Amino acid sequence: MESKIINVLFNNKLNNLSYQIFVGKNLLTNCEHIINKFVKNRKIILIHDSFFTLKKSDNENFNALVREINKLAVSVNLISVSGGEKTKTISQLNRIIEKSISFKVDRDSLIIAFGGGVIGDIAGFAASILLRGINYIQIPTTLLSQVDSSVGGKTGINSSKSKNLIGAFHQPLAVIIDISLLKSLPNRQFLAGLAEVVKYGLITDINFFEFIENNYKKILNYEPSILNYIISRSCEIKSQIIKNDEKENGKRALLNLGHTFGHAIESFGKYDGRIIHGEAISIGICLAFKLSNKLGICSQIETERVITLFKKLTLPTSLKDIKSISATTGEMLDKFKYDKKNKNNELTFILNKKIGKSFIKTNMDVNIITKFLDEEI
Ligand code: GLY
């Protein structure tokens with residue numbers, strides 16, 4: 001199976017940014033040709049999920065990467081971080097920063113983030129502020145981080161009020177996506193990642209949505225060539241959207257389809273495992289389509305088609321599917337206040353005219369949302 005390289009080229013005349021996303025199978029067990037130019041003669045700080053340790057023989061990808069870096073770099077220092085959402089705090093960030101400083105980090109040093117979205121977010125944020133900004137590489141190990149958070153340079157931690165309110169846009173030097181890592185990913189995490197994959201079809205590419213519909217059984221069976229395609233296509237679509245809008249002043253917000261509802265729902269689960277990000281996004285996208293339908297913007301048939309696909313992927317499609325979590329309309333509206341898309345206290349939602357055609361709806365009428373939530377949650 002061919003590995004693929006996706007070029008992320010920003011149309012940002014000020015800093016002319018670009019980098020490459022490498023996607024393929026067994027990339028890490030033979031990674032010298034990919035990492036050489038990034039790690040050679042540099043100090044490396046490898047921030048990794050505590051799930052991966054050098055002692056475990058079943059972490060062959062992690063072990064191979066460390067072996068290769070050791071051959072090329074001046075030094076490699078490891079910082080182990082727990083992968084849960086509760087890790088994205090100021091105190092954990094401080095721990096990473098102080099450890100990096102104790103390793104004598106310099107402006108030429110490179111951070112490598114090896115783990116899921118939590119690790120990538122906090123390690124990328126540390127890279128953005130250490131010595132006023134050093135380079136980093138993302139090696140995402142979950143499907144969700146491979147298709148979303150590792151690409152596009154959003155880094156950050158959570159505030160007590162809501163997710164990702166503290167952070168920076170800081171683009172990586174490269175993203176290395178090894179689909180072999182998905183073998184050790186719990187099935188629930190894999191399924192949750194599929195919600196973000198479907199999202200790309202819904203935003204902008206009906207053909208991709210149909211591909212997922214037609215191949216969902218092969219996807220659920222982890223067929224490598226199909227996984228390679230859906231991950232590469234997701235990264236391609238994301239890079240097309242962000243290239244004109246690195247800092248989300250416009251169309252990048254489309255990537256938040258389902259996230260206004262989703263982030264609120266996720267927070268009601270207190271990040272304790274009752275619901276995980278992609279599951280909340282699956283419900284959030286279904287709510288976004290139902291709202292689009294209620295407003296007369298999107299047809300019932302298309303809305304049901306979306307919900308049917310999420311069901312086939314065994315993802316939740318309504319808050320009622322998660323028995324251990326409940327929320328009132330008031331609690332939900334309260335969470336919406338902290339959504340980063342809002343302007344001047346006006347709510348913004350990403351809605352759909354049809355499958356493959358999302359748009360940004362600003363100044364949403366609170367009375368309509370209230371009535372909708374009263375009926376739906
Ligand atoms: N996850 C949404 C974005 O990167 O903009």
(request) Being under 21 Å from Asn16 (Cα atoms), more than 12 Å from the chain's Cα centre (by Cα) and of a type in the set (S, T, N, Q) is the filter here, so list the residues in region 117-173 that pass it. (result) Ser128, Asn135, Gln171
(request) Mind listing whichever residues of region 247-264 are in a helix (DSSP H, G or I) and among the aliphatic types (A, V, I, L, M)? (result) Ala253, Leu254, Leu255, Ala264
(request) Give just the number: which of (1) more than 14 Å from Asp321 (Cβ to Cβ); (2) surrounded by fewer than 22 Cβ atoms within 10 Å (Cβ to Cβ); (3) modelled with pLDDT of 95 or more does His277 not satisfy? (result) (2)
(request) Being at pLDDT below 95 and among the basic types (Lys, Arg) narrows it down to one of Lys371, Lys311, Lys343, Lys361, so name that one. (result) Lys343
(request) Filter region 306-332 down to residues that are touching a residue at least 60 places away in the same chain (Cβ under 8 Å) and either touching a Cys at 6+ places or on another chain (Cβ under 7 Å) or farther than 20 Å from Leu255 by Cβ (or both) and give me whichever is surrounded by the most Cβ atoms within 10 Å (Cβ to Cβ). (result) Val306
(message) I'd like to verify a number: residues in region 265-290 that are of a type in the set (S, T, N, Q) and either more than 16 Å from the ligand (Cβ to nearest atom) or assigned to a loop (DSSP other than H, G, I, E, B) (or both), how many?
(response) 1
(request) Specify the residue that is surrounded by the most Cβ atoms within 10 Å (Cβ to Cβ); the eligible residues are those in region 235-244 that are farther than 18 Å from Phe349 by Cβ and within 11 Å of the ligand (Cβ to nearest atom). (result) Lys238
(message) I'd like the full set of residues that are part of a helix (DSSP H, G or I) and in contact (Cβ under 8 Å) with a residue 12 or more places away in the chain, limited to region 31-66.
(response) Glu32, Ile34, Ile35, Asn36, Phe38, Val39, Glu60, Asn61, Phe62, Ala64, Leu65, Val66
(message) For region 164-193, give me each residue that is surrounded by fewer than 24 Cβ atoms within 10 Å (Cβ to Cβ), in a loop (DSSP other than H, G, I, E, B) and within 14 Å of the ligand (Cβ to nearest atom).
(response) Asn164, His170
(request) Could you figure out which of (1) of a type in the set (Phe, Trp, Tyr); (2) touching a Ser or Thr at 6+ places or on another chain (Cβ under 7 Å); (3) at pLDDT below 95 isn't true of Tyr271? (result) (2)
(message) Based on this model, can you work out whether Tyr200 counts as within 16 Å of the ligand (Cβ to nearest atom) and either over 26 Å from Ser318 (Cα atoms) or at pLDDT 95 or above (or both)?
(response) yes
(message) Criterion first (within 30 Å of Lys243 (Cα to Cα) and modelled with pLDDT under 95) does Ser57 satisfy it?
(response) no
(message) Can you list residue pairs whose Cβ atoms sit under 7 Å apart, with the first residue in region 228-248 being more than 20 Å from Ser3 (Cβ to Cβ) and the second being assigned to a helix (DSSP H, G or I) and of a type outside the set (Asp, Glu)? Count only pairs 6 or more apart in sequence or on different chains.
(response) Ile241/Lys251; Ile241/Arg252; Ile241/Leu254; Ile241/Leu255; Ile242/Arg252; Asn244/Lys251; Asp245/Lys251; Asp245/Arg252
(message) Kindly evaluate Ser232 against the criterion of being farther than 17 Å from Gly117 by Cβ and surrounded by 15 or more Cβ atoms within 10 Å (Cβ to Cβ).
(response) yes
(request) Name every residue in region 333-347 that is under 22 Å from Phe359 (Cβ atoms) and either among the basic types (Lys, Arg) or exposed (fewer than 15 other Cβ atoms within 10 Å of the Cβ) (or both), in order of residue number. (result) Lys340, Lys341, Lys343, Asn344, Asn345, Glu346
(request) Look through Asn61, Asn26, Asn94 and report the one residue that is in contact with a helix residue (DSSP H, G or I) (Cβ under 8 Å, 6 or more places away or on another chain), surrounded by fewer than 20 Cβ atoms within 10 Å (Cβ to Cβ) and under 25 Å from Thr142 (Cα atoms). (result) Asn26
(request) Scan region 1-23 for residues that are out of contact with any strand residue (DSSP E or B) (no Cβ under 6 Å at 6 or more places or on another chain) and surrounded by 19 or more Cβ atoms within 10 Å (Cβ to Cβ) and jot them down. (result) Phe10
(message) If I filter region 246-264 for residues that are within 16 Å of the ligand (Cβ to nearest atom), among the β-branched types (Val, Ile, Thr) and within 24 Å of Glu376 (Cα to Cα), do I get at least one hit?
(response) yes
(request) Take region 151-163 and flag every residue that is within 12 Å of the ligand (Cβ to nearest atom) and modelled with pLDDT of 95 or more. (result) Val151, Gly152, Gly153, Lys154, Thr155, Gly156
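The values are calculated or read from the model by the stated rules, or taken from the named source; none is laboratory data. These figures come from a predicted structure and were not determined experimentally. So basically every Cβ, Gly included, is an ideal-geometry build from the backbone, and we count neighbours across all protein chains shown.
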